[in-house]
Amino acid sequence: MNCYDCHAHSSTVTTAVALCTRCGAALCTDHVQTRPELVHRVRGMGLATLPHPARRITCTLCCKAEAGE
Ligand SMILES: [Zn+2]
Ligand SMILES: [Zn+2]
């Protein structure tokens, strides 16, 4: 699979290394955005945040949208 952003912006073909978890676009190393995401779990009456963050992979567009920029 090839990078969607490379194709959309410059019509170049770059091998993708990951998929955006939000929109499903395939992404190359230049366009992939990774950040830690805290994992929550319901425990008893409350909500617990687990000690180790998970990984969230998104494209540049979805990363900006989620950040509210
Ligand atoms: Zn790309
Ligand atoms: Zn996306």
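The values are calculated or read from the model by the stated rules, or taken from the named source; none is laboratory data. No experiment lies behind these values; they were computed from the predicted model shown. Every residue, glycine among them, receives a Cβ derived from its backbone with ideal geometry; neighbour counts consider all protein chains shown.
So which residues in the range 1-27 are touching a residue at least 40 places away in the same chain (Cβ under 8 Å) and either within 9 Å of ligand 1 (Cβ to nearest atom) or among the charged types (D, E, K, R) (or both), if there are any at all?
Residues satisfying the conditions are Tyr4, Asp5, Arg22.
Assuming Val32 fulfils every condition listed in (1) modelled with pLDDT of 95 or more; (2) exposed (fewer than 15 other Cβ atoms within 10 Å of the Cβ); (3) not aromatic (Phe, Trp, Tyr) apart from one, which condition is it?
Status for Val32: all satisfied but (2).
Would you pick out the residues in the range 1-54 that are of a type in the set (Asp, Glu) and within 14 Å of ligand 2 (Cβ to nearest atom)?
Asp5
Looking at Ala25, Ala8, can you tell me which residue is closer than 16 Å to Lys64 by Cβ and surrounded by fewer than 17 Cβ atoms within 10 Å (Cβ to Cβ)?
Being closer than 16 Å to Lys64 by Cβ and surrounded by fewer than 17 Cβ atoms within 10 Å (Cβ to Cβ) holds for just one of Ala25, Ala8, which is Ala8.
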